[in-house]
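Each reported figure results from applying straightforward, stated rules to the coordinates on display, with no laboratory input. On a predicted model such as this, the values are computed, not experimentally measured, just so you know. With ideal geometry, Cβ positions are generated from the backbone for all residues, glycine too; neighbour counts draw on all protein chains shown.
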Amino acid sequence: MTIVQRLFHIERLLVRRTAPCVSNSRSFSCSRSCRTVMPAWVIDKYGSNDVLRFTKNASFPVLNYPNEVVVKVLAAGLNPIDVSMRGGYGAASLAMKRDPLNLNQTGSEFPLILGRDVSGVIMECGLDVKYFKEGDEVWAAVPPWKQGSLAEFVVLSGNEVSFKPKSVSHTEAAAIPYVAMTAWSALVNTGGLTKDNCSKKRILILGGSGGVGTFAIQLLKAWGAHVTVTCSQNAEALVRNLGADEVVDYTAGPVEKSLAAFEKFDLILDNVGGDTEHWALGLLKPWCGAKYVTLVTPFLQNTDLLGIADGMLQTAATMTTKAIKHLVKGVHYRWGFFAPSGPALDDITEMVNAGQIHAVVDEVFSFSQVPQAFEKMEKGHARGKTVVQIKSPDGN
């Protein structure tokens with residue numbers, strides 16, 4: 001990121017804190033004083049799909065901090081992490097994030113609302129929220145440690161929210177934020193790519209037909225990169241339509257042999273994990289600053305199995321060992337993690353409005369069909385995102 005870009009991002013963050021906030025006193029009064037409960041899908045314990053429970057009496061979200069906003073959810077997006085969290089994956093680390101001082105009892109996260117994408121309308125602004133006003137159409141990626149978007153309302157930090165692109169519907173918008181922030185964190189924050197240095201770089205995306213992959217293809221092509229993708233044969237048309245230059249069918253034989261015939265890559269984004277680490281780093285350009293960034297890491301699994309302290313220690317040891325092992329071979333080994341960012345979503349909003357990024361929606365479910373949406377997610381092999389419509393724009 002250039003100095004000018006950094007200053008521009010800093011300016012937007014400052015504007016988010018200093019511009020005047022316009023409040024609609026009537027809607028503020030009604031949503032604050034007239035509502036104590038709301039409809040939501042919750043879980044009361046971790047388990048399979050039968051732990052999902054619909055209730056009309058979920059607690060109405062409260063502004064606990066002056067920089068927060070309440071968003072009325074019109075559409076919510078599901079991600080593989082929602083299915084994993086339903087089963088308890090990452091519970092130890094997320095509990096620490098929610099309660100750093102360990103003041104609450106075990107299980108205090110319940111009833112827990114899942115859903116990591118939201119597109120909707122701001123209903124309330126905290127006193128320090130200066131960049132938005134009530135009635136603004138916004139979108140956001142909901143961090144896993146917060147109550148999710150499978151509800152009528154959700155609370156978010158003002159710095160996690162961005163104006164929804166005007167060129168897409170709420171249903172389409174809900175397909176983008178979480179995968180966008182995951183891909184952005186991996187490619188930009190960890191991989192060091194920007195629109196100014198990405199041109200003509202050779203990028204390999206392992207697992208390109210899911211939510212993160214389909215977004216990453218479009219982002220990288222908008223920035224001028226040459227993109228190679230692995231996917232199944234029946235997803236080839238999808239990824240090519242999104243701009244992929246080369247497509248390798250992983251069902252046609254050992255994918256590593258097919259990829260070895262290509263010119264070496266500047267960066268690999270791994271959405272697959274497993275044994276890919278054993279061969280994928282050999283596809284990178286050695287001693288040229290090439291990076292392998294994987295989104296499949298053992299961090300949450302380690303803390304679930306070993307506890308916070310031992311899990312973090314094991315994770316640090318694993319990361320250090322792998323980084324050093326590959327650095328001596330001339331390539332950089334990195335882990336990528338989701339990171340929420342309103343300013344990054346601002347950039348993506350501009351790209352969506354410019355037609356550079358398109359929502360890839362695999363299937364849309366109604367609010368009453370949330371269990372079916374989870375069942376669909378569990379089957380895997382998605383071609384884009386699964387979206388749940390919570391409310392129509394007129395509130396019906």
Legend entry - Percent of C-alpha pairs per 5 Å bin, the range 168-313, short to long: 2, 9, 18, 21, 20, 13, 8, 6, 2, 0
Legend entry - the range 285-396: Rg to Rh, with Rh as the Kirkwood radius over Cα pairs: 1.10
Inset, instruction - Please check which bits of the range 324-366 a label hung off Cys288 would reach, taking the label as a point 7 Å along Cα-to-C-beta and the cut-off as backbone N under 15 Å. - result: 330-332
Legend entry - Rounded to the nearest 20 debye, dipole of the range 204-329 from Cβ charges on Lys, Arg, Asp, Glu: 340 debye
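Counting helices only, and only those DSSP H runs with n ≥ 4, report the 222 nm mean residue ellipticity of the chain as the sum of -39,500 (n - 2.57) divided by its residues, in deg cm²/dmol to the nearest 500.
-9500 deg cm²/dmol
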Legend entry - Segment Trp145-Ser199, length gained on full extension (0.36 nm per residue, minus Cα span): 15.9 nm
Legend entry - Cα-centred dipole magnitude for the chain, charges only on beta-carbon of K, R (+1) and D, E (-1), debye, nearest 20: 560 debye
Legend entry - Potential extension, Ala237-Asn353 segment - 0.36 nm per residue separation minus Cα distance: 39.4 nm
Legend entry - Most to least packed among 199-206, 375-382 [average Cβ atoms within 10 Å]: 199-206, 375-382
Legend entry - Residue-wise HN-Hα coupling along the range 250-258, computed from phi with Karplus coefficients 6.51, -1.76, 1.60 (Hz; x: Gly, Pro): 6, 8, 8, x, x, 5, 5, 5, 5
Inset, instruction - Take each of the peptides 245-252, 181-188, average the number of other beta-carbon atoms within 10 Å over its residues, and list them starting from the highest. - result: 181-188, 245-252
Inset, instruction - Between Leu101 and Lys379, take the C-beta separation as r, use R0 = 41 Å, and let me know the FRET efficiency to the nearest 0.05. - result: 0.55
Legend entry - Peptides 98-104, 148-154 ordered by average Cβ neighbours within 10 Å, highest first: 148-154, 98-104
Legend entry - Where the Cα pairs of the range 35-97 fall when distances are cut into 10 Å bins, in %: 17, 40, 40, 3
Legend entry - Antiparallel content of DSSP bridges confined to the chain, in %, to 5: 55 percent
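Below 8 Å, C-alpha to C-alpha, sequence gap of six or more: please give me the relative contact order for the chain in percent.
Numbers: 837 pairs, mean separation 76.3, N = 396.
Answer for the chain is 19 percent.
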Inset, instruction - Specify the residue with the greatest mean-square fluctuation among Gln233, Gln356, Gln147, computed from a Gaussian network of the chain linking alpha-carbon atoms under 10 Å apart. - result: Gln233
Inset, instruction - Towards the positive end of the charge dipole of the chain, with charges on Cβ (+1 Lys, Arg; -1 Asp, Glu), say which of Asn241, Tyr89, Val138 has the farthest Cα. - result: Val138
Legend entry - Proximal lysines to Lys72, defined as alpha-carbon separation beneath 17 angstrom and excluding residues fewer than eight positions away on the same chain: Lys56, Lys133, Lys146, Lys164, Lys391
